[in-house]
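The values are calculated or read from the model by the stated rules, or taken from the named source; none is laboratory data. Predicted model, so just to flag it, every value in this text is computed and none were measured. Cβ sites come from the backbone with ideal geometry, for glycine too, and all protein chains shown count toward neighbours. Keep in mind that these areas ignore ligands, DNA and RNA; they rest on the heavy atoms of the full protein, side chains included. Shrake-Rupley method; radii C 1.70, N 1.55, O 1.52, S 1.80 Å.
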Amino acid sequence: MGKNHVKRRDFIKISSAFLAGSAVASSDLPLSFLGTKDAQAQEGDRVVKTFCEMCFWKCGVDAHVKDGKVVKLVGQKENPLSNGKLCPRGAGGLGLLYDPDRLKHPLIRERVNGKMMFRKASWEEAMAVVGDNVKYLAQEYGPGALVSFTHGFGASFLKRVCASCGIITAPSYAQCRGARDDGFKLTYGHSVGSPEMLDIPNTKYHVLIGYHLGENMHNTVVQDFTQGIANGMRVVVVDPRFSTAAGKAEKWLPIKAGTDLALFLGWIHVIIKEELYNKKFVEEYTVGLDELWEGVKDATPAVTYARTGIPVEDIVTVARELGRYGENALVNPGRRSSWYGDDTQRMRAVAILNALLGNYKTPGGMVRYGRYRVPSVKFPKFRHPRVNYRPAYPLASKVATNEVIAHTLSGKPWPVHGWMVYGCNLISTAANQKQTYEALQKLKFMFAIDVLPAEICSYADVVLPECTYLERYDDLFFPSYRTPFVSIRQPVIPPMFDSKPAHEIGKLLAEQMGRYDLFEMDIETYLDTRLKKIGSSLSEIKVKGTITKPEQNLYKQPGEKLKFRTPSGKIELASSRMKKAGFDAVPRYTAHPQAPKGFFRLLFGRTPSHTFARTTNNRLLMELYSENDIWINEQIGKDLGLKSGDYVRLSNQEGKKSTFKVKVRLTQRVRPEVVWMVHGWGHTDPNLRAGYGKGASDTEMLTHTVIDPVMGSVGTQHNFVTFTKEA
Ligand SMILES: Nc1nc2c(c(=O)[nH]1)N[C@H]1C(S)=C(S)[C@@H](COP(=O)(O)OP(=O)(O)OC[C@H]3O[C@@H](n4cnc5c(=O)[nH]c(N)nc54)[C@H](O)[C@@H]3O)O[C@H]1N2
Ligand SMILES: Nc1nc2c(c(=O)[nH]1)N[C@H]1C(S)=C(S)[C@@H](COP(=O)(O)OP(=O)(O)OC[C@H]3O[C@@H](n4cnc5c(=O)[nH]c(N)nc54)[C@H](O)[C@@H]3O)O[C@H]1N2
Ligand code: SF4
Ligand SMILES: [Mo]
């Protein structure tokens, strides 16, 4: 074992000595943060242009600084993702920057008199422990013994070093949009992208499946949706819950949860049978129509009604309207698709529906964005030892987080003995917590890089405090988008406490591995060198914040021949790759289990003012929404003797009880057999002093997962809960 190796990990409460006495008391928080619509700088304000990381959308931000303090955050006008506006979470970034619970120093786990505790350490000491263990694991167990879980932009610098240690996995794949992306890749040869390549402002007829815009607050998509509605877009929402988006719709189809695939097959049935599809497009650009019809010919509206609970008339009307609006209609692919374990096939069905409409590169349809290409800088060669591993799922484009956690536990197919966790709180992010906890116990070494004492940190051997996005440079951001752009993240104020940015942590790690050369170029030189390649410079972008190119033409040009990177070169209604891998070439419906008597299917989602579990300690955002509640159908609740405002404990089908109580909200806005809550609440770590015990955790209840055999998406919506009233 590395000389500084530390042993086994029980949860440790990071001593309040490391948290208290912070420079900023919570009472210093600028509580007027929501009055920031006025983007004018007040006298004496210095404005620093950067981009947001309160979620992963990365809107441009103008940060106002006064007397060395950041006083407000407003949307950057020049930035196409913000268009001068931030969502509540973006505006509430100060609640993170000045969170009195922030991690302030590196911490090392130690056993003192038989008791485990964290010791405040210098970066030198902490990195020596990390370095020793990383090297030891590589020497002793070979490539892949250390895996990296990363979510967040700073990870790019760590990847420069960490790819050497084996697999990198992110919860934004199998827990999030992986099934959507792979389902579309199988069908179109490319994914929908992020930002999603959809021309929503010009959509005439828009079907949303679950995708709960307005609660799901991706800034630009919400702006596009609002624009679409202003342009006369008609909206249909399919959701067992009356979402905010449903409030904007002409039709809410309260589907029986888990039966969406049946609805899509029913729509495809009507569209083919009544010849409502775009014949020219389908003939020229798709393959497999006959096979598709074979697969859906029995999915009549009557059968579909029986499966989904949606009246025949609604099924037929929406199919006909989709056909009528054709190229200008959109069945939105949504985003988080890890639902029921048959997610790739469900997303394939959505892809197929769009293909039948012929809405490819059309106003209101699916489009293609290009990006502002910023060439990279060549770094010294670093040979990445390869893990001899075939993904467990034949058509997976990435390795799933839950898969790696399972491998850690089983030691198969390769031994995993160490984790690096950057910016993801695996305790609240990965379902099947028991597996996560057991894997943590089995690890020989784990280090976490975070800004807050998130649950995962309390299980680490070493905790490294990153500074927040408002205190650092990161890499340049230039996603594929309608208006191609490059934006800069730069320090608005210097790092507080003894925290460091990811690029410095990456450098320290590289040095531990003896690779001083990997970070020889300091961050400013690196960014400037990159920017010079596009005729700009660091000094220019620091002032401008965002550099844009003119908006692209998104639509198919007359005479343009479309090409698709699938085996057939066409959109595959029947997928050759699925067939080859032993799956149904055309999606097929199978019924999912329903709730046992007395139980309700647990569904979850977002609220506009919070992001996952990362803002549920943010004192500013908690003023807007301070704890989650559980939505229960009004009649059901009354029958159970509950009323709104009561508190209950949840208990799931396996008898797992929620650690904390949660407030009841009786509403007609959910179907009787489901209940719904906002994800990310019920922090169990007392170090998160504002969030501890507020609301209940959805993840805790997700003990049962159904993994998609195609790409490993973690279906979590087969868990059922019941309630015990709290005194
Ligand atoms: N039960 C359940 N699970 C889910 C979901 C769900 O709805 N329900 N949603 C899924 C989806 S869609 C996704 S994308 C994933 C998201 O999964 P995660 O990204 O793991 O979500 P968070 O809980 O926000 O954890 C982020 C962690 O990063 C830390 N952090 C914040 N800013 C920084 C920073 O600048 N630097 C560093 N180093 N750390 C930072 C936060 O303190 C927090 O500990 O979760 C998935 N898991
Ligand atoms: N405010 C805020 N916005 C966010 C985030 C955040 O944390 N906070 N996270 C961002 C990220 S990374 C992601 S991936 C997205 C996730 O946001 P979405 O992709 O919109 O989320 P989902 O979890 O797929 O969908 C939740 C909705 O689906 C409904 N639903 C549940 N089960 C079913 C079903 O069986 N059928 C149908 N038709 N509907 C169902 C729920 O009632 C709920 O309204 O949000 C993004 N935007
Ligand atoms: S959508 Fe909101 S939280 Fe996400 S980057 Fe934009 S402003 Fe920040
Ligand atoms: Mo996500």
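Whether any residue in region 334-341 is out of contact with any Leu (no Cβ under 8 Å at 6 or more places or on another chain) and in a helix (DSSP H, G or I) is what I want to check. Within region 334-341 (the criterion being out of contact with any Leu (no Cβ under 8 Å at 6 or more places or on another chain) and in a helix (DSSP H, G or I)), the answer is no, since none of the residues qualifies. Scanning region 193-213 finds no residues that are within 16 Å of ligand 2 (Cβ to nearest atom), in a helix (DSSP H, G or I) and within 19 Å of the chain's Cα centre (by Cα). Every condition in (1) over 28 Å from the mean Cα position of the chain (by Cα); (2) in contact (Cβ under 8 Å) with a residue 24 or more places away in the chain holds for Asp182 except the one numbered (1).
Screening the candidates Val61, Val71, Val129 for the property of being touching a helix residue (DSSP H, G or I) at 6+ places or on another chain (Cβ under 9 Å), among the aliphatic types (A, V, I, L, M), in contact (Cβ under 8 Å) with a residue 24 or more places away in the chain and buried (at least 23 other Cβ atoms within 10 Å of the Cβ) yields one hit, Val61. In this structure, does Arg482 turn out to be outside the structural domain of Gly680 (by TED's automatic domain parsing), surrounded by fewer than 21 Cβ atoms within 10 Å (Cβ to Cβ) and over 23 Å from the mean Cα position of the chain (by Cα)? No: the conditions fail for Arg482.
In the set (1) open to solvent by less than 10 Å² (accessible area, probe 1.4 Å); (2) assigned to a helix (DSSP H, G or I), the condition left unmet by Glu700 is number (1).
Scanning region 590-615 for residues that are in a loop (DSSP other than H, G, I, E, B) and within 16 Å of ligand 4 (Cβ to nearest atom) returns Arg606, Thr607, Pro608, His610, Thr611, Phe612, Ala613, Arg614, Thr615. Suppose the filter is buried (at least 21 other Cβ atoms within 10 Å of the Cβ), touching a strand residue (DSSP E or B) at 6+ places or on another chain (Cβ under 8 Å) and assigned to a loop (DSSP other than H, G, I, E, B); does Ala257 pass it? In short, yes.
Within region 289-317, being assigned to a loop (DSSP other than H, G, I, E, B) and either within 29 Å of Met578 (Cα to Cα) or out of contact with any Gly (no Cβ under 9 Å at 6 or more places or on another chain) (or both) holds for Lys297, Asp298, Ala299, Thr300, Gly309, Pro311.
Per-residue answers, yes or no, for (1) under 30 Å from Ser194 (Cβ atoms); (2) touching a Lys or Arg at 6+ places or on another chain (Cβ under 6 Å); (3) of a type in the set (Gly, Ala, Ser):
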position: Gly95; (1), (2), (3): yes, yes, yes
position: Asp99; (1), (2), (3): yes, no, no
position: Pro106; (1), (2), (3): no, no, no
position: Glu125; (1), (2), (3): no, no, no
position: Val134; (1), (2), (3): no, no, no
position: Ser148; (1), (2), (3): yes, no, yes
position: Gly154; (1), (2), (3): yes, no, yes
position: Lys159; (1), (2), (3): yes, no, no
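Considering every residue within region 631-644, establish whether at least one is buried (at least 20 other Cβ atoms within 10 Å of the Cβ), on the phi > 0 side of the Ramachandran plot and in contact (Cβ under 8 Å) with a residue 40 or more places away in the chain. No, that holds for no residue. Of the residues Val377, Val367, the single one that is at pLDDT below 95 and more than 21 Å from Leu263 (Cα to Cα) is Val377. Cβ-Cβ contacts under 9 Å between residues 6 or more apart (or on different chains), taken from a first residue in region 223-234 that is in a loop (DSSP other than H, G, I, E, B) to a second residue that is of a type in the set (S, T, N, Q), are listed as Asn231/Asn202; Asn231/Thr203; Met233/Asn202; Met233/Thr203; Met233/Gln227. Beta carbons closer than 8 Å, at least 6 apart along the sequence or on distinct chains, pair a first residue in region 84-103 that is part of a loop (DSSP other than H, G, I, E, B) with a second that is charged (D, E, K, R) and open to solvent by 20 Å² or more (accessible area, probe 1.4 Å) for Gly84/Lys77; Tyr98/Asp28; Asp99/Arg619; Pro100/Arg689; Asp101/Arg689; Leu103/Asp450. In region 82-101, is there at least one residue being open to solvent by less than 30 Å² (accessible area, probe 1.4 Å), farther than 29 Å from Val543 by Cα and within 14 Å of ligand 1 (Cβ to nearest atom)? Looking for residues that are open to solvent by less than 30 Å² (accessible area, probe 1.4 Å), farther than 29 Å from Val543 by Cα and within 14 Å of ligand 1 (Cβ to nearest atom), one finds at least one in region 82-101, hence yes. Filtered by the rule that a residue be of a type in the set (S, T, N, Q) and either open to solvent by 10 Å² or more (accessible area, probe 1.4 Å) or under 23 Å from Leu261 (Cβ atoms) (or both), region 204-232 gives Asn216, Asn219, Gln223, Thr226, Gln227, Asn231.
None of Ala448, Ala431 is of a type in the set (Gly, Ala, Ser) and either free of Cβ contacts under 8 Å to residues at least 40 places away in the same chain or open to solvent by 10 Å² or more (accessible area, probe 1.4 Å) (or both) except Ala448.
When Gln175 is tested against (1) assigned to a helix (DSSP H, G or I); (2) of a type in the set (S, T, N, Q); (3) open to solvent by less than 10 Å² (accessible area, probe 1.4 Å), just one condition goes unmet, and that condition is (3). Of the residues Gln441, Gln435, the single one that is within 16 Å of Leu702 (Cα to Cα) and in a helix (DSSP H, G or I) is Gln435. Determine, yes or no, whether Cys424 is surrounded by 24 or more Cβ atoms within 10 Å (Cβ to Cβ) and part of a loop (DSSP other than H, G, I, E, B). The answer is yes for Cys424.
Of the residues in region 331-341, none is over 32 Å from the mean Cα position of the chain (by Cα) and either basic (Lys, Arg) or open to solvent by less than 20 Å² (accessible area, probe 1.4 Å) (or both). In region 415-434, is there at least one residue being at pLDDT below 90 and either touching a Gly at 6+ places or on another chain (Cβ under 9 Å) or more than 16 Å from ligand 1 (Cβ to nearest atom) (or both)? Yes, because at least one residue in region 415-434 is at pLDDT below 90 and either touching a Gly at 6+ places or on another chain (Cβ under 9 Å) or more than 16 Å from ligand 1 (Cβ to nearest atom) (or both). Among the residues making up region 104-122, those that are in a strand (DSSP E or B) and open to solvent by 10 Å² or more (accessible area, probe 1.4 Å) are Glu110, Arg111, Val112, Lys115, Met116, Met117, Arg119, Lys120.
Can you confirm whether region 656-678 contains a residue that is open to solvent by less than 60 Å² (accessible area, probe 1.4 Å), within 16 Å of ligand 3 (Cβ to nearest atom) and in contact (Cβ under 8 Å) with a residue 60 or more places away in the chain? Yes, some residue in region 656-678 is open to solvent by less than 60 Å² (accessible area, probe 1.4 Å), within 16 Å of ligand 3 (Cβ to nearest atom) and in contact (Cβ under 8 Å) with a residue 60 or more places away in the chain. Inclusion of Arg606 among residues that are touching a helix residue (DSSP H, G or I) at 6+ places or on another chain (Cβ under 6 Å) and either basic (Lys, Arg) or within 25 Å of Gly645 (Cα to Cα) (or both) is not warranted.
Give region 140-172 a look and list any residue that's part of a helix (DSSP H, G or I) and crowded, with 22+ Cβ neighbours inside 10 Å, or say none. Of everything in region 140-172, those that are part of a helix (DSSP H, G or I) and crowded, with 22+ Cβ neighbours inside 10 Å turn out to be Ala155, Phe157, Leu158, Val161, Cys162, Cys165.
As for region 375-397, it holds no residue that is within 16 Å of ligand 2 (Cβ to nearest atom) and in a loop (DSSP other than H, G, I, E, B). Looking only at residues of region 43-98 that are within 23 Å of Leu476 (Cβ to Cβ), out of contact with any Leu (no Cβ under 7 Å at 6 or more places or on another chain) and among the basic types (Lys, Arg), we find that the one that is farthest from ligand 4 (Cβ to nearest atom) is Arg46.
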